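The values are calculated or read from the model by the stated rules, or taken from the named source; none is laboratory data. Treat the numbers as computed from the prediction; the structure is a model and nothing was measured. As a convention, Cβ positions derive from the backbone with ideal geometry for all residues, glycine included, and neighbour counts pool all protein chains shown.
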Amino acid sequence: MLLRFFPTRSTWIHLRFLFSLYLLPVFLFAQSQSIYFNPIRTAMVFIILHLFIYPSSNGYNSYYDKDEGSIGGIKTPPKVDISLLYTAWVLEIIGILWAFLIRWEFGIGVFLYSLFSKLYSNSKTRLKSRPIISFLVVFFFQGAFMFENCLLALGPLSWMDVFSKNHLLEALFSSLLVGSLYVMTQIYQHKEDQMRGDITLSALLGYRGTFYFSALGFVFGVVILFILSWGSRVFMIPFFAFTAPLMAFFLFWFSRVWKTESEANFSNTMKMSTLSFLCLSAYFIYLIWLQKPF
């Protein structure tokens, strides 16, 4: 009986630890804009989010989705079992408790993130089945909310500091980046999502509409970055230099999908996600390097 609680090989795969790193740019951006840098504290916040909270959310989502086709980070997902749900709960509890030890506000933020990730996936609430609401939940919680939460965790800022004009713009920039990529990650799952009764924003927009929507979000992000470059510690020219490969692949992929919709597949989506993770992470690490006294 107790064996049901122990993680199986399937469970470790569905936690998708490497896929959790795709949210790393938000954490790195928060660190680049924090006035405080403590390597130990930074490492702890990273571990809480990327080794406990995000994998827990991945596992919880996989348990209720029970996908048979490709999902983010897994081309051929194995069948899930009950140990995935137990393991996700254990990781989440450890992550939340640890977050409270760093700062109580951070603990509350991590708890709320975990709560809404459950509302997103759970069969009873299933926000994922509602295209606009599900997009807004991811847009806000994985972007702006987690950016602000990381700022609180990384340094001695008050809530008033976090809600300054610049930090709110930075939070919006984070959400625009997350939203632009998130809608692209749905593009290859239209049929499987619809078989489960889930209508994603990408399915609602169609293949070409998904690209237009993502591009529009990215353009708005650039506008916000331009505004920030006058009063915040971000720089425009390096941003374009670091993200040039990402933009080039986006345009190339769009041209392929325009001709053949079958190009909107798992392989190309993962290439896009990986490029986004690498380019944006490199840019934010560059900002950290410029501004921190190593």
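Tabulated data
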| item | result |
| --- | --- |
| Residue under evaluation residue 230, criteria (1) closer than 26 Å to residue 31 by Cα; (2) assigned to a helix (DSSP H, G or I); (3) of a type in the set (A, V, I, L, M, F, W, C), criterion not met | (2) |
| Any chance residue 219 is of a type in the set (Val, Ile, Thr), within 20 Å of residue 19 (Cα to Cα) and assigned to a helix (DSSP H, G or I) | no |
| Elements of type helices (runs of 4 or more DSSP H) contained in the stretch 124-192, each with 1 or more residues being among the charged types (D, E, K, R) | 146-154, 159-162, 165-185 |
| Leading residue by the ranking (farthest from residue 195 (Cα to Cα)) among those in the stretch 48-67 that are polar (S, T, N, Q) and crowded, with 22+ Cβ neighbours inside 10 Å | 56 |
| Pairs with Cβ under 7 Å, 6+ apart, first in the stretch 206-218 and surrounded by 19 or more Cβ atoms within 10 Å (Cβ to Cβ), second in a helix (DSSP H, G or I) and among the aromatic types (Phe, Trp, Tyr) | 211/254 |
| Qualifying residue in the stretch 70-87 (condition: crowded, with 21+ Cβ neighbours inside 10 Å, under 21 Å from the mean Cα position of the chain (by Cα) and modelled with pLDDT of 90 or more) | yes |
| Close pairs (6 angstrom Cβ cut-off, 6 or more residues apart or separate chains): closer than 11 Å to residue 10 by Cα and touching a residue at least 60 places away in the same chain (Cβ under 8 Å) in the stretch 60-85, assigned to a loop (DSSP other than H, G, I, E, B) and of a type in the set (Lys, Arg) anywhere | 80/66 |
